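Comments concern the structure below.
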DNA sequence: CAATTAGACGGGCAATTATTCATTCAGACT
DNA sequence: AGTCTGAATGAATAATTGCCCGTCTAATTG
């Protein structure tokens with residue numbers, strides 16, 4: 001026993017020595033092997049032992065480090081395909097710029113591809129801010145398609161028309177949806193969607209290679225309410241039905257299940273797919289949205305998330 | 001200015017991201033390149049930037065880590081060719097075992113060589129303890145030579161006969177020095193050294209491929225005094241002449257310069273070389289010896305050191 | 001005591017990482 | 001505008017690292 005213990009101890013000592021020489025002193029494994037009087041392979045084993053025994057601890061002295069941890073944690077916890085967390089600037093309340101830059105980076109990377117892509121977009125302030133961050137580009141090979149209408153029921157344009165703005169910037173073919181966000185009734189919705197142009201656009205959206213959406217909360221500060229798409233009474237009914245969030249105006253409950261009836265009967269936007277095969281990336285920031293984001297992840301309505309540090313903390317500590 | 005700053009910042013952010021993915025998440029640089037949307041070379045540059053900008057900090061969770069730092073510090077500060085520091089066991093007062101094992105490891109490594117080597121040995125408790133740690137070996141190709149006599153002036157054997165003990169263990173040719181440590185006078189010393197055998201041994205010692213010595217302090221607890229080689233009066237005279245330490249009974253002052261006259265006139269051991277070309281490694285432990293070790297390093301009487309943590313701390317904080 | 005087995009070792013090779021070099025590109029200056 | 005400079009980039013290549021496999025050693029077991 002004592003012999004084995006000593007043996008193990010001295011092996012760990014050597015591992016520590018090797019780890020120190022490698023990570024702190026910057027020696028190569030060959031040099032370590034010479035200094036420790038062992039073969040290079042043994043030196044390699046010692047270094048890797050030092051790592052696997054957790055003798056070496058790496059710390060990253062940069063605000064980004066926390067973001068990476070959070071992102072990693074969210075990926076693990078909710079089975080996301082991707083997650084990016086922007087640092088929250090404690091000074092600036094307009095926390096959008098961080099995520100907007102991140103999202104813009106993602107979008108830009110996709111646009112740089114030579115292969116034609118179909119990019120589907122929802123709406124929302126965060127998404128709009130992201131598009132604003134895009135540089136001028138020339139991407140005629142791609143198509144940008146809207147997931148939902150850009151009209152109020154009375155025909156007025158909605159304030160956050162992301163598709164057209166983006167197409168402006170990057171010079172791509174684009175397909176805004178010539179529909180109101182909500183039809184006046186289920187029948188009207190079906191009627192509208194039977195138009196060939198609308199039908200084509202919905203089909204295009206279904207084939208999208210990547211989808212970016214916003215997530216809205218339901219309640220007093222809900223985008224849908226603030227922007228006048230639903231009334232106070234409808235909001236109350238939705239809350240009573242368990243609604244906590246919405247994506248492209250489709251309202252869902254805590255488990256991420258779409259609410260039956262109510263406004264969902266009249267939503268004209270493309271249907272959400274559960275556990276989509278292609279990336280569906282939500283851009284969403286804010287403590288108010290935490291419940292909605294959680295629900296969307298639980299229900300597999302999205303498989304990617306771009307958010308900020310503060311929101312990510314709440315999502316993980318829930 | 002603001003643009004440049006932003007640019008630099010975002011570059012560092014990316015570097016931090018890359019560093020995190022590499023060191024914390026264990027990604028390969030290829031994966032990082034894909035995730036960050038840059039070329040593999042750029043990913044490599046980002047990782048190395050994160051290192052050179054000190055964003056990644058590596059810590060080693062093992063007592064050895066401190067020893068490695070101390071060793072590195074001593075090498076730098078005193079221009080040593082090598083330095084090893086054994087962990088001090090706060091519980092055990094007999095701090096010798098740590099350094100003894102280290103030294104034994106060094107010696108063993110040399111003995112394993114197929115090329116014939118000449119190993120010169122001094123005396124001392126630490127050196128003796130090291131030899132005790134040697135395993136049984138069979139090394140007829142090497143020669144072990146003593147740097148100094150193993151007799152008291154009256155012909156009695158000295159207690160720490162390292163060479164014979166070591167030769168016992170490793171079965172190597174050995175050359176103990178058939179001389180007293182101190183002759184009775186300078187004339188007697190010269191006479192003794194003219195014997196052919198002695199002359200040959202001294203020449204062999206001069207050619208040694210590697211030399212291991214102990215370092216003694218001068219004073220009340222000095223090995224020379226305790227073991228009865230010098231008298232109290234001689235000790236007093238030496239101290240008055242500035243003596244702080246000795247190696248193979250050659251006494252030197254604070255600057256590592258050999259003291260003129262006194263006992264040095266009568267030392268029969270091989271002369272110390274200043275700034276030796278081959279490794280001359282001292283094995284020395286203890287707060288009492290700090291002054292002596294410092295002096296030996298200053299005077300370039302040694303170019304290698306094996307000591308323990310506590311002693312190393314004192315050497316560096318001096 | 002022989003058989004078995006777990007673990008370490010080193011050789012060789014594939015994968016990964018670091019470096020060098022020529023080129024490009026943006027901005028500064030003439 | 002032309003030219004220079006310095007940074008950034010990608011390609012090529014050199015260096016380093018990680019992994020697999022056959023071999024050997026030592027401990028365990030029957």
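Where a number appears in this text, it was derived from the coordinates with a stated rule and is not lab data. If you're wondering where the values come from, they're calculated on a predicted model, not measured in any experiment. In this analysis, Cβ positions are derived from the backbone assuming ideal geometry, glycine residues included, and neighbour counts consider all displayed protein chains.
Between residue B:28 and residue A:25, the simple label model (points 7 Å from Cα in the Cβ direction) yields a spacing of 3.0 nm. Other protein chain C-beta atoms within 10 Å of residue C-beta, averaged over B:67-74: 3. Quarter the surface of the alpha carbon convex hull of region A:204-318 and you get the mean projected area, 6.8 square nanometres. Considering only Cα atoms, the convex hull volume of the protein assembly as shown works out to 207 Å³ per residue. Rounded to 0.05, the FRET efficiency of the residue A:298 and residue A:76 pair, given R0 = 22 Å and the Cβ-Cβ distance, is 0.90. Extension gain, residue A:10 to residue A:39, is 8.8 nm, computed as 0.36 nm per intervening residue step minus the present C-alpha separation. Reported to the nearest whole Å, the Cα centre-to-centre distance from region A:221-266 to region A:104-147 is 27.
Rounded to the nearest 10 degrees, the inclination of helix B:96-111 to the longest alpha-carbon principal axis of chain B is 90 degrees. For region B:31-116, the spread of Cα coordinates along the three principal axes comes to 58, 40, 26 Å, biggest extent given first. All distinct Cα pairs of chain B go into the 1/r average, and the inverse of that average, the Kirkwood radius, is 22.1 Å. Taking the average, over residues, of other Cβ atoms within 10 Å as the packing measure, peptides B:124-133, A:164-173, B:190-199 rank B:124-133, A:164-173, B:190-199 from highest down. Between 0 and 90 degrees, the angle of helix A:63-78 with respect to the longest Cα principal axis of chain A falls at about 70 degrees. Legend: mean number of C-beta atoms from other chains within 10 angstrom of residue C-beta atoms, peptide B:13-19, equals 5.
Projecting label points 7 angstrom from Cα along Cα→Cβ for residue A:48 and residue B:254 puts them 5.4 nm apart.
The DSSP beta bridges internal to chain A are antiparallel in roughly 25% of cases. Only helices enter the 222 nm calculation for chain A: every DSSP H run of n ≥ 4 contributes -39,500 (n - 2.57), and dividing by all residues gives -13000 deg cm²/dmol, rounded to 500. Look at where the Cα atoms of region B:46-72 and of region B:279-300 average out, and the two centres are 28 Å apart. Spin-label model, residue A:199 to residue B:57: label points 7 Å out along the Cα-to-beta-carbon direction sit 6.5 nm apart. Between copies, the label points at residue A:262 (set 7 angstrom from Cα along Cα-to-Cβ) are spaced 9.7 nm, reported in nanometres from shortest to longest.
Remark: mean inter-chain Cβ contacts per residue of B:22-30 equal 2, using a 10 Å Cβ-Cβ cutoff to other protein chain atoms. Principal-axis analysis of the Cα atoms of chain B puts helix B:2-19 at an angle of about 60° to the longest axis. Stokes-Einstein diffusion of region B:243-303 at 4 °C, 1.567 mPa s viscosity, Kirkwood radius from Cα pairs, rounded to a whole number: 111 µm²/s. The largest-to-smallest principal axis extents of the Cα set in region B:146-281 are 43, 34, 27 Å. Working from Cα pairs under 8 Å separated by at least six residues, relative contact order for region A:202-269 is 25 percent.
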